[in-house]
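Structure, as structure tokens:
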Amino acid sequence: MIIVLFGKPGAGKGTQAPLLAERLGVRTLATGDVLRAAVRQGTPRGLEAKGFMDRGDLVPDSVILGIVKEELALPAYAPGVILDGVVRTVPQAEGLRDNLADLGRQVDAVLCFDIDNEEIVRRLSGRTVCESCQSPYTGRDAGTACDKCGGKLVRRKDDEPDAIRNRLEVYEKQTAPVFAWYKDHGTRVAQIDAVGSVTDVTARAQSALGR
Ligand code: AMP
């Protein structure tokens with residue numbers, strides 16, 4: 001089962017992905033997490049991505065498709081995958097389709113988490129993430145410890161107000177059209193109300209998947 005989680009930055013994809021993955025018995029693949037790890041390790045891919053990420057711009061499609069191709073070929077993803085933060089452009093949708101076709105697979109469903117911009121700004125400006133395991137938190141101070149792994153909570157550079165504004169503009173221009181692309185190509189799509197408790201949103205997503 002291959003599921004794409006779709007929606008604005010801050011819609012809750014990173015919170016919902018591991019919860020859904022656990023219930024469905026599959027792994028998650030979050031391109032943002034892979035890129036942040038590459039930046040921390042100072043790899044060539046990280047060095048290429050850093051400037052784009054700090055501004056809240058999209059990293060080039062070639063970089064993203066390289067990550068997706070490498071990862072999805074791993075046996076760990078054989079039972080399925082929840083894709084978090086990819087697909088973000090139409091060329092990525094096309095590239096993913098071709099990669100999956102080579103593996104005899106396809107995207108089974110796209111879940112779009114709906115939320116308005118005011119709520120996004122509120123969430124992202126109050127968000128911290130664990131430096132080690134990347135778990136996101138709302139309303140927890142930077143410098144405190146992650147509940148899951150004890151790592152340090154930090155603020156993301158791209159959660160600063162200018163970068164948030166830019167990320168929302170980038171979403172409208174480059175990412176929003178991807179949802180229509182999937183609909184037009186006959187993929188099952190569902191819109192999920194992303195406002196509410198974490199458990200309510202997970203339940204809505206699960207029921208949209210019929211699981
Ligand atoms: P995220 O953690 O999903 O919010 O991603 C953080 C940042 O990583 C984004 O603002 C982009 O700069 C970059 N990024 C992550 N995934 C993608 C993608 N699929 N396409 C382009 N850039 C991405």
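Could you work out the relative contact order of the chain? I mean the mean sequence separation of Cα pairs under 8 Å and 6+ apart, divided by the number of residues, in percent. Numbers along the way, then the final one.
Numbers: 329 pairs, mean separation 61.3, N = 211.
Value for the chain: 29 percent.
Report, please, the projected area of segment 89-128 averaged over directions, based on the convex hull of its C-alpha atoms, in nm². Projected area, direction-averaged: 4.4 nm². With 22 Å as the limit, the listed pairs Lys13/Lys157; Lys13/Lys148; Lys50/Lys157; Lys8/Lys50; Lys50/Lys148 have Lys50/Lys148 beyond it between alpha carbons.
How would you classify segment 9-92 from its alpha-carbon gyration tensor, with a ≥ b ≥ c the square roots of the eigenvalues: rounded for a/c under 1.5, else prolate if a/b is greater than b/c, otherwise oblate?
prolate
What whole-number value in Å² describes the accessible area per residue of the chain for a 1.4 Å probe?
On the way: 10110 Å² over 211 residues.
Accessible area per residue: 48 Å².
The fraction of accessible area contributed by carbon and sulfur in segment 23-182 is 51 percent, rounded to a whole number (1.4 Å probe; ligands and nucleic acids excluded). Computed over the chain, the P(r) tail beyond 25 angstrom holds 35 percent of alpha carbon pairs. When only the Cβ of Lys, Arg, Asp and Glu is charged (+1, +1, -1, -1), the dipole of the chain relative to its Cα centre reaches about 380 debye. Here the Karplus relation 6.51 cos²θ - 1.76 cosθ + 1.60, evaluated at θ = phi - 60°, turns the backbone of segment 180-185 into coupling constants of 5, 4, 5, 4, 5, 9 Hz, with x for every Gly and Pro.
Can you give me the relative contact order of segment 89-211 as a percent, contacts being Cα pairs under 8 Å and 6 or more apart? Numbers along the way, then the final one.
Working: 136 pairs, mean separation 38.0, N = 123.
It rounds to 31 percent for segment 89-211.
Estimated from helices alone, the mean residue ellipticity of the chain at 222 nm is -14000 deg cm²/dmol (sum of -39500 (n - 2.57) over DSSP H runs with n ≥ 4, per residue).
The values are calculated or read from the model by the stated rules, or taken from the named source; none is laboratory data. This structure is a prediction, so every number in the text was calculated from the model and none was measured. Here Cβ is always computed from backbone atoms with ideal geometry, including for glycine, and neighbour counts include all displayed protein chains. Please note that ligands, DNA and RNA were not included when accessible areas were found on the heavy atoms of the full protein model with its side chains. Shrake-Rupley method; radii C 1.70, N 1.55, O 1.52, S 1.80 Å.
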